[in-house]
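A short write-up of the structure that comes next.
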Amino acid sequence: MTALVLIAEDDDEISAILDAYLVREGFRTVQARDGRTALDLHLALKPDLILLDITMPRIDGWEVLAELRRRGNTPTIMITALDKDIDRLQGLRIGADDYVVKPFNPIEVVARCKAVLRRSGLATAAGILRVGDLAIDLDAYQAKVGNDAEAIRLALTLTEFRILAHMARSPMKVFTRSELLDACLPGSDALDRTVDSHVSKLRRKLEQAGALGLLPGVRGIGYRLSA
């Protein structure tokens, strides 16, 4: 399973636990520490599922959930210490797909994620990575930008494809040049500047397909895939 899960949780320890268990089960993850960031990442990355805390800074979980439902039907599981029936009912009334009370068993949360994705019919097909309008087919070694009807196929070299796919597994993460070399050119004697050359060509192809600003550089560190 390559579904992308947005973890909206301001407690770093809880967020790290959820992230570790989800990644171990094959999910991709991205994290938000407040409600405003969660909504921004939802627009940018179009996650398949959201784990949403209620008591978050800037915008609380209730408001985030209400905005998510105005936007569409992204499956959402509330994760909160609020265990009163009225809180659970409010979450379900606004449109939550499930409700988990802290403290929780992370194995159970992962199981609920899988169940909600199955019920919603949105479990991501095996071998497909999605980041915003970018779709990467790992089995066919193809990448496309845009919706299915008007998608533009990218003419990528094998190394460019490997770099793009590797970064798409952890959207928003900043990768160093050395990390990209180890992951995409294992055993190679290539230098860091070789990565710069591949990324530059990859960025140009993405931009020609309409994916502007998708692959920015991070000064002094490397690159990230940011929808």
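If we only count helices (runs of 4 or more DSSP H) wholly inside the stretch 136-215, which ones have 1 or more residues that are farther than 28 Å from R24 by Cβ, among the charged types (D, E, K, R) and open to solvent by less than 30 Å² (accessible area, probe 1.4 Å)?
Of the helices (runs of 4 or more DSSP H) lying wholly inside the stretch 136-215, those with at least 1 residues that are farther than 28 Å from R24 by Cβ, among the charged types (D, E, K, R) and open to solvent by less than 30 Å² (accessible area, probe 1.4 Å) span 158-168.
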As an exercise: evaluate R70 against (1) loosely packed, with under 14 Cβ neighbours inside 10 Å; (2) touching a helix residue (DSSP H, G or I) at 6+ places or on another chain (Cβ under 9 Å); (3) assigned to a helix (DSSP H, G or I) and give the number of the one condition it does not meet. (2)
Of those in the stretch 1-19 that are touching a residue at least 60 places away in the same chain (Cβ under 8 Å) and either in a helix (DSSP H, G or I) or more than 17 Å from T74 (Cβ to Cβ) (or both), the residue least open to solvent (accessible area, probe 1.4 Å) is L18
Scan the stretch 87-97 and tell me whether some residue there is touching a residue at least 40 places away in the same chain (Cβ under 8 Å) and not in a loop (DSSP other than H, G, I, E, B). no
Restricting to the stretch 45-54, name every residue that is assigned to a loop (DSSP other than H, G, I, E, B) and open to solvent by less than 20 Å² (accessible area, probe 1.4 Å). P47, D53, I54
Is there any pair linking a residue in the stretch 30-44 that is open to solvent by 10 Å² or more (accessible area, probe 1.4 Å) to one that is of a type in the set (D, E), with Cβ under 7 Å and at least six apart or on different chains, and which? Q31/D19; R33/D10; D34/D10
Verdict on V30 being in a helix (DSSP H, G or I) and in contact with a strand residue (DSSP E or B) (Cβ under 9 Å, 6 or more places away or on another chain): no
Give me the residue from the stretch 88-117 that is over 17 Å from A16 (Cβ atoms) and charged (D, E, K, R) and, out of that set, most open to solvent (accessible area, probe 1.4 Å). R93
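Looking at this structure, is P57 open to solvent by 20 Å² or more (accessible area, probe 1.4 Å), over 30 Å from H166 (Cβ atoms) and at pLDDT 90 or above?
For P57, the condition - open to solvent by 20 Å² or more (accessible area, probe 1.4 Å), over 30 Å from H166 (Cβ atoms) and at pLDDT 90 or above - is met.
The values are calculated or read from the model by the stated rules, or taken from the named source; none is laboratory data. Quick caveat, the model's predicted, so the values are computed rather than measured. Methodologically, a virtual Cβ is constructed for each residue, glycine included, from the backbone with ideal geometry; neighbour enumeration extends over all protein chains shown. Accessible surface is based on the protein model in full, side chains and every heavy atom, while ligands, DNA and RNA are left aside. Shrake-Rupley method; radii C 1.70, N 1.55, O 1.52, S 1.80 Å.
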